[in-house]
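The block underneath contains the structure these notes are about, expressed in C-alpha cells.
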Amino acid sequence: MRNKTILLASRPTGVPAQENFKFEEREVPELQEGQVLLKSLYVSVDPYMRGRMSDAKSYVAPYAVGEPISGGVVAEVVKSLNEQLPKGTVVLGNLPWQQYIVHSGKGLSHINPDIAPLSYYLGILGMPGLTAYFGLLHIGEPKPGETVVVSGAAGAVGTVVGQIAKLKGCRVVGVAGSDEKIAYLKDELGFDEAINYKTTQNMNQAMTKACPNGVDVYFDNVGGEISDAVYLALNKFARIAICGQIAYYNHTTLPSGMRVEPILLKKSALMKGFIVGDYAKDFPVAAKELADWVQEGKLQYQETITEGFDKIPEAFLGLFTGQNTGKQLVKVAEREV
C-alpha cells in the first residue's frame, strides 16, 4: 500500500509558506503482532505547531527536517493484530500527518462516536476545550459579576473560554478580527461586547468603553497591542492567563513593547503562563464536565473544516491570517465502519 505523508521540508523564517512542506509517498509496512493500521479521519492544525517548526528550545521538541509533521489526529483502526484495538475502533492520538499509520497502540485514547461528532475530540472535547477550561478556571478563577476579556476570541480556545465565563456569571468581552466574527461572538455565543481589532483605530479607548468596570480576568491568546490595551484597564487583583502569543509566532526578532511589571505591581495582579499538559492528571474530570455542557446545550461550538489530505498545509497557514472561525480541522476520510 502506498501512503501519502507530509514532511517538514525546511524551517521557516518568519511566516511559514507552502515550500516549508513536502509531500511524499511511502510504503505502508506489514503489521507486526500487537500493531494496528490506522486510517486518519480528522487532522488538527494548531498555532503551537509554528513553534515546533523552528529549532528553538521550547516545552516540546521541534519537528525534524525531512520527517513527518505530527499533531492531534482522530483515526479509525482498519486492520488489527492487537486485541485491545479491534477493527472499527476510533482513537485519538498525537500522530504523523499520514493517510495511514502503523502503530503499536500505546498512547492512543479510545473515543466514543456516539457522544459527540468525531471532530469534537480535536476541539471542544480535546486539547482546545481543555486549554480553555484550565486556563480560565484554574488561573483566571472568574467570579460572578467580574469582567473577562478574551483575545483570539473567535478561535478554538477563545470561543470556549467566553462561554464558560458566561456560565460562571461574568461579563465577557471578546477581541477578534472581522465583523462576521464579532457578530458570531455576540449574537450566537452571548458575549456582552466584542471588538474588531482590525478596524479599531484606538484600542485603548475601545477597551475602556467595552469594559466600563475594568478587567478582572484576561485570557490572552494573542499578545501584542491588544494585550497592552487590556493591561491599562486591569482592576486590582486581576488575573491573566497566558495561553498563546500568536502575534509573535512569526517574528524573527524579539519584539519590544509595554513594560507590564509596574502595572502588575500596582494592581497586585497575577500573570501566569501555562501549557495544557500541566493539568494532565485532571483531564478526565474536565473532559466530562465539557461533554456534559455540550450535551446540555450550554456550550455551542463552531468548526472550520477543510476537506482533503492535500489541504492540510493550506489550512495550517490560514491560522495566521484569521481564516478560521472556531476550530480549524482537515477532514481526510470517512469511517469504514
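Couple of notes before you dig in:
- Tally, over the range 60-84, of residues that are assigned to a loop (DSSP other than H, G, I, E, B) and among the hydrophobic types (A, V, I, L, M, F, W, C): 6
- Here the range 101-143 is the region considered, the condition is being assigned to a loop (DSSP other than H, G, I, E, B) and among the hydrophobic types (A, V, I, L, M, F, W, C), and the residue that is farthest from the chain's Cα centre (by Cα) is Ile115.
- Among residues of the range 99-113 that are within 20 Å of Lys4 (Cα to Cα), those with a Cβ under 8 angstrom from a residue that is surrounded by fewer than 19 Cβ atoms within 10 Å (Cβ to Cβ) and of a type in the set (A, V, I, L, M), sequence gap 6+ or separate chain, pair up as Gln99/Ala333; Tyr100/Met1; Tyr100/Val28; Tyr100/Val78; Val102/Val28; Val102/Leu31.
- The range 299-321, residues that are within 29 Å of Glu289 (Cα to Cα) and part of a loop (DSSP other than H, G, I, E, B): Leu299, Gln300, Tyr301, Gln302
- Any hit, the range 248-263, residues being buried (at least 20 other Cβ atoms within 10 Å of the Cβ), modelled with pLDDT under 95 and either in contact with a helix residue (DSSP H, G or I) (Cβ under 6 Å, 6 or more places away or on another chain) or of a type in the set (Lys, Arg) (or both): yes
- Residues of the range 13-36 that are surrounded by 14 or more Cβ atoms within 10 Å (Cβ to Cβ), part of a strand (DSSP E or B) and at pLDDT below 95: Arg26 alone.
- Check on Asp216, closer than 17 Å to Ile263 by Cα, in contact (Cβ under 8 Å) with a residue 60 or more places away in the chain and either touching a helix residue (DSSP H, G or I) at 6+ places or on another chain (Cβ under 9 Å) or surrounded by fewer than 24 Cβ atoms within 10 Å (Cβ to Cβ) (or both): yes
- Residue match in the range 37-47 (condition: modelled with pLDDT of 95 or more, more than 24 Å from Met127 (Cβ to Cβ) and among the aliphatic types (A, V, I, L, M)): yes
- Scanning the range 65-100 for residues being under 17 Å from the mean Cα position of the chain (by Cα) and over 27 Å from Ala315 (Cα atoms) gives a total of 0.
- Tabulated pairs, the range 46-68, first farther than 14 Å from Ile6 by Cα and touching a residue at least 60 places away in the same chain (Cβ under 8 Å), second surrounded by 14 or more Cβ atoms within 10 Å (Cβ to Cβ) and among the β-branched types (Val, Ile, Thr), C-beta under 6 angstrom, 6+ apart or interchain: Pro47/Ile246; Tyr59/Ile275
- Only one entry of Ile111, Ile101 meets the criterion of being of a type in the set (A, V, I, L, M), modelled with pLDDT under 95 and not assigned by TED's automatic domain parsing to the domain that holds Met271, and that entry is Ile111.
- Given (1) surrounded by fewer than 17 Cβ atoms within 10 Å (Cβ to Cβ); (2) out of contact with any helix residue (DSSP H, G or I) (no Cβ under 6 Å at 6 or more places or on another chain); (3) touching a residue at least 12 places away in the same chain (Cβ under 8 Å), number of the condition Lys236 does not satisfy: (2)
- Residue within the range 276-298 that is without any contact (Cβ under 8 Å) to a residue 24 or more places away in the chain and of a type in the set (S, T, N, Q) present: no
The values are calculated or read from the model by the stated rules, or taken from the named source; none is laboratory data. Quick caveat, the model's predicted, so the values are computed rather than measured. When we count neighbours, we look across all protein chains shown, and the Cβ atoms used for this are built from the backbone with ideal geometry, even at glycine.
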